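Participant: My questions will all concern the structure given below.
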Amino acid sequence: MQMPKRLLVAFVAITGSLAAQTPTITGIVNGASAIPPGLPNYAIAEGSIFVVYGSNLGAPPPAGVVVNPAPLPLPVGNFAGTSVTVAVNGTTLPVPIQYTSPGQLAGIMPSATPAGSGTLTVTYAGKSVSSPVTVLVSAFGISNLRVPSGHETAAVAFGTNENEVVSVLDAAAPGDVLVLLGTGLGPSIGDIDTNYPIQGNLGTAPIVYVGEVPSPNVSYYGRTPIYPGLDEIIFTVPMNAPLGCHVSIIVQTANLGVPIVSNVPNTAIAATDHTPCTDPVNGFPAAALADPASSNNFVVSLIENQSFLPSTPGGTIPSKPVIADTYQILAPQFTPFELFAVSLTLAEASQGTCEAGFAPNVATPATPPPATYLNIGNPLTLTPPSGSPIVLPAALPGIFVGADSLGIAPGTWTLATPGGANEGPLNLNFKIPQPVTWTNQASLTGATINRANGLTLTWSGGDGVNGFVDIQGFAANTTGTFLIGYDCSAPISAGSFTVPPAVLLRMPTGVGANATLQLSTYAYPSTISPIQGFNDGNFSQIQTIIPIVYQ
């Protein structure tokens with residue numbers, strides 16, 4: 001009998017700042033996914049673990065302890081000076097509390113809570129605060145390991161048995177039986193929310209998508225025997241699941257006939273388990289990431305953005321694109337840790353799959369990744385296949401940036417530096433491939449997209465050398481505080497890609513979401529001629545962005 005593989009649990013702890021005295025609530029989220037309010041797939045399921053963020057929510061924990069943990073059976077309604085209640089549709093219930101602290105607390109939504117819109121009230125030191133909360137029968141969140149990648153999650157660990165973790169060097173495989181941990185399948189059997197739960201399937205069987213392919217067998221979907229509110233889903237990886245190092249996992253629950261999707265972590269799937277995964281979209285070779293020594297790198301990034309977005313939301317869509325080019329050439333020396341971190345930042349979804357996530361909707365200036373930058377001289381000169389050279393003065397030693405609106409011409413480019421204290425002079429060439437033509441761009445521009453039907457993009461052309469097609473979509477939540485998006489990749493030769501409903505159902509709807517859709521031709525990884533003393537790489541992107549509306 002094959003041993004199921006287990007997904008590790010890592011509930012996220014976000015510390016809020018301590019205010020004066022009155023409690024405040026800044027968010028109430030699923031304890032595994034942390035999906036924020038205002039998203040279509042936001043809700044706290046009956047019987048699920050949730051986390052409240054804010055300030056003055058509870059007593060400071062003892063020295064050396066992060067929170068005040070509650071013992072089993074969990075105290076109901078009051079613990080360590082904090083009381084919590086929930087009121088929905090005229091029913092008010094005390095909440096089983098898992099832990100408290102000044103900046104956050106966790107509890108279990110009582111299984112007897114009615115579905116609907118209500119309020120959660122926290123009282124500490126004689127003062128109370130209430131905040132809206134949406135309760136549904138089911139709304140599953142996948143427990144995951146989080147890393148700072150710009151994606152909702154960039155790593156999920158499966159186990160090759162109950163105690164061993166899957167990694168890019170030790171992948172799972174099609175046909176493997178996996179155990180997924182999380183919270184939100186629905187109310188517990190016997191309404192047991194404070195102690196070791198009773199096992200058994202809960203509600204309707206969820207659909208587990210592995211790289212957007214549904215699992216052929218979900219054999220168990222209920223509580224774990226180890227902790228109240230903690231769920232597990234045992235499923236089989238489909239035999240036709242995409243292979244790669246960043247294959248998405250999505251759980252869709254029925255929720256009384258209304259589908260709601262989970263967060264979208266990803267994992268490594270290889271043709272044979274216990275072997276390294278491979279991805280043609282990886283920007284850094286496995287050998288470079290495994291090198292224990294620091295490495296000198298030379299990175300050339302050229303991006304052309306063709307925007308058909310109106311100047312104001314809902315305004316007139318321009319008939320011709322607005323062109324904006326950016327140039328970034330870097331000569332960093334990365335430590336192994338720095339290289340690993342930047343590789344996660346640049347990680348793409350495995351071909352044929354989508355990553356998805358959310359981030360605060362706040363403009364932040366682009367900054368070079370942490371590294372020691374090498375002096376290769378000043379200035380740097382880029383010469384396109386035709387036209388005048390582009391001279392980029394060094395912003396700092398080893399860092400060259402620039403912008404214009406001339407377009408990034410396909411063909412052979414040259415690059416030269418005079419040499420500096422660390423390296424050079426350099427004189428090399430690299431190729432920008434012919435971009436694809438987005439053949440259904442016109443019909444999608446400004447169109448209303450039914451999320452339940454998926455979204456198909458088609459293209460033609462492109463030379464396909466060291467490149468792929470990248471598809472991105474973004475939209476803002478109802479308050480505009482979060483930007484929700486997805487990022488999919490496909491081989492140029494495919495000619496089309498359909499973003500599946502399981503990905504789109506998380507996207508905010510209506511004109512007010514200011515949704516955009518982008519198709520890009522990526523030249524990635526390296527197409528630079530070898531440079532003495534450097535691990536080199538060329539990243540070029542020619543992208544077209546249009547407005548759309550989700551419904």
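Participant: Can you tell me how much longer the chain between THR383 and SER443 gets when fully stretched, taken as 0.36 nm per residue apart minus their C-alpha distance, in nm with one decimal?
Facilitator: Length difference between fully extended and current span is 18.0 nm.
Participant: Could you work out the pair-distance distribution P(r) of region 294-550 from its alpha-carbon pairs, with 10 angstrom bin width and percents rounded to whole numbers?
Facilitator: Using 10 Å bins, I get a P(r) of 7, 28, 33, 22, 9, 1 for region 294-550.
Participant: Could you please rank TRP459, TRP438, placing first whichever residue has the fewest other Cβ atoms within 10 Å of its Cβ?
Facilitator: Sorted ascending by nearby Cβ count, the order is TRP459, TRP438.
Participant: Next up: Averaged across orientations, what area in nm² does the convex hull of the alpha carbons in region 431-480 project?
Facilitator: 5.3
Participant: Can you bin region 10-121 into rounded, prolate or oblate? Criterion: square roots of the alpha carbon gyration tensor eigenvalues sorted a ≥ b ≥ c, rounded for a/c under 1.5, prolate for a/b above b/c, oblate for the rest.
Facilitator: Prolate is the answer for region 10-121, as a/c is 1.5 or above and a/b outweighs b/c.
Participant: Percent of alpha carbon pairs in region 158-298 separated by more than 27 Å?
Facilitator: Looking at region 158-298, the distances longer than 27 Å represent 31 percent of pairs.
Participant: Please report MET239, MET507, MET109 as a ranked list, fewest other C-beta atoms within 10 angstrom at the top and most at the bottom.
Facilitator: MET239, MET507, MET109
Participant: Here is a follow-up. What is region 294-550's relative contact order, in percent, from Cα pairs under 8 angstrom and six or more apart in sequence?
Facilitator: For region 294-550, the relative contact order is 24 percent.
Participant: Turning to a different aspect of this structure: Can you give the angle from 0 to 90° between the axis of helix 336-345 and the longest principal axis of the chain, with both taken from C-alpha atoms, to the nearest 10?
Facilitator: Result, in degrees: 80.
Participant: Could you give the alpha-carbon Rg of the chain over 2.2 N^0.38 Å, rounded to two decimals?
Facilitator: 1.03
Participant: While we're looking at this one, here's another question. By count of other Cβ within 10 Å, fewest leading, how are SER101, SER493, SER48, SER128 ordered?
Facilitator: Ordered by Cβ neighbours within 10 Å, fewest first: SER493, SER128, SER101, SER48.
Read-outs: derived from the displayed coordinates by stated rules, not from any lab. Note that the structure is predicted; figures quoted are calculated from it, not measured. FYI the Cβ positions are ideal-geometry reconstructions off the backbone, even for glycines, and counts take in every protein chain you see.
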